[in-house]
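To start, the structure itself, in structure tokens.
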Amino acid sequence: MSASSPTPDTNIYTPRQQYVLLILCLVGISVLILVGLGSYITAFLGAGILFVVFRPWFVGLVHRRGWNRQLVTVGLLVFAFVVIILPFMALSLMLVDRIRFYGQDTSQIMAVLHKIEQKTGYTFTNEQSVRTLLQQAVSWLSQRLPSLASGLLHFTVIIGLMLFTLYFMFTQEAGFLRGLRRYLPFRPSTLHELGDSLKNNVNANVLGQALIALVQAILTGVTLRIFGVPDSTFWGVVAFFMAFIPVLGTPLVWGPAAIIKLAQNQTTQGVGILLVGVIIIMNIDNLLRILLAKRIGDIHPLITLAGVVLGVNIFGILGLVLGPLLLSYFIVLIKVFERENRILQRLRAGKPEQDMLPPASG
């Protein structure tokens, strides 16, 4: 047999079988990658959210004003670190300080408990039960210290991976966006629709909600200070994070403060906190959402509430944003599926596809 003779094809698969097996291999490898990165997937999702948030600034500075791409990216990363990481660190340090303070001096807690006992007529505190409770709390904390340390390390790795991913998303912006358009299995009109949904959700649940939470936190802190609640600044910071939780939100902060004031026979202060909380702090949320509706995206409150419950259970703190986004994308994809089916039916009937495409937005 000469060297130039063709080598017989020994592959046992037909072209269609090869195609199906290729897809199965891709899906299998993708599942393995997702499983391997499961605990760090929030870093990549967080990078995607920050990319959407900061991209208008990036476009304005780099594409319009011609600033250096790397310098702008580093500046955005520093800004993200200061705005996102430092508040969590500050809250953690303040919580540790408060826990240490109340652990060393339980007189304030005991005074409130005794007042509640006097109001209810039910005794549930004594020296032995308090000592037992403190011993159990110390034992529980000592058992949780290793997990807290590993959790802090895990959080640090996630933040580092998120910022590292975000850096390359900005410095290689053109290739990243080109890859999305090439490999996502959607029409250009569908990609545009998904992009609008992403932008609306991020604006509503990050930018808009952060502004609303900041206003509610300031009002909560000022209200508590006016009515003589200790550590009003600390509780204002706590209220900022609580404000991201739909329905419950800041009442988790000023509600107990009002109850404690009432239990201490400070009726005026307690009623004052309740009135300001119910009339002003709770309703400022709805007022700001109406004023910012066109700016922060029109997201139904039920989607936000259900999304937060779903997202926090899956993604942790990032679920406050990722949960509503996941539900919104599900709804958008249902509409896309419905539209694609109608287009397919009209194509089979010999009617032009353009009749079924959504009208172009202005």
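The values are calculated or read from the model by the stated rules, or taken from the named source; none is laboratory data. From a predicted model like this one, the values you see are computed outputs, not experimental measurements. Reconstructed Cβ throughout: ideal geometry from the backbone, glycine too, with neighbour counts over all protein chains shown. Ligands, DNA and RNA are stripped out before the accessible areas are found, and what is left, the full protein with its side chains, is counted by its heavy atoms. Shrake-Rupley method; radii C 1.70, N 1.55, O 1.52, S 1.80 Å.
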Practice problem: Which order do the peptides 14-23, 330-339, 277-286, 228-237 take when ranked by the mean count of other beta-carbon atoms within 10 Å per residue, highest first? | Solution: 228-237, 277-286, 330-339, 14-23
Quiz item: What is the distance, in nm, between label points placed 7 Å from the Cα along the Cα-to-Cβ direction at residue 59 and at residue 12?
Solution: 5.4
Quiz item: Extension gain residue 330-residue 29, at 0.36 nm per residue separation less the Cα-Cα distance, in nm?
Solution: 105.9 nm
Quiz item: For the pair residue 67 and residue 164, what calculated FRET efficiency results from E = 1/(1 + (r/R0)^6), where r is the Cβ-Cβ distance and R0 = 30 Å, to the nearest 0.05?
Solution: 0.90
Quiz item: Using a simple spin-label model with points 7 Å from Cα along the Cα→Cβ vector, what separation in nm is obtained for residue 174 and residue 252?
Solution: 4.6
Quiz item: Based on the alpha carbon coordinates of the range 5-81, what radius of gyration and maximum Cα-Cα distance (Dmax) apply, in Å?
Solution: 22.3, 65
Quiz item: What is the Cα centroid distance between the range 10-44 and the range 207-251, reported in whole angstrom?
Solution: 47
Quiz item: With no solvent and one point on each alpha carbon, what is the Debye value of log10 I(q)/I(0) for the range 173-272 at q = 0.10, 0.17, 0.18, 0.22 Å⁻¹?
Solution: -0.46, -0.77, -0.82, -1.04
Quiz item: Within the accessible area of the range 200-286, what % is carbon and sulfur when the probe is 1.4 Å and the other protein chains stay in place?
Solution: 74
Quiz item: What does the accessible area of residue 268 come to, in Å² to the nearest 10, when a probe of 1.4 Å is used?
Solution: 110
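For a distance above 13 Å, tell me the whole-number percent of Cα pairs in the range 197-247 that qualify.
Details: 729 of 1275 pairs.
It works out to 57 percent of all Cα pairs.
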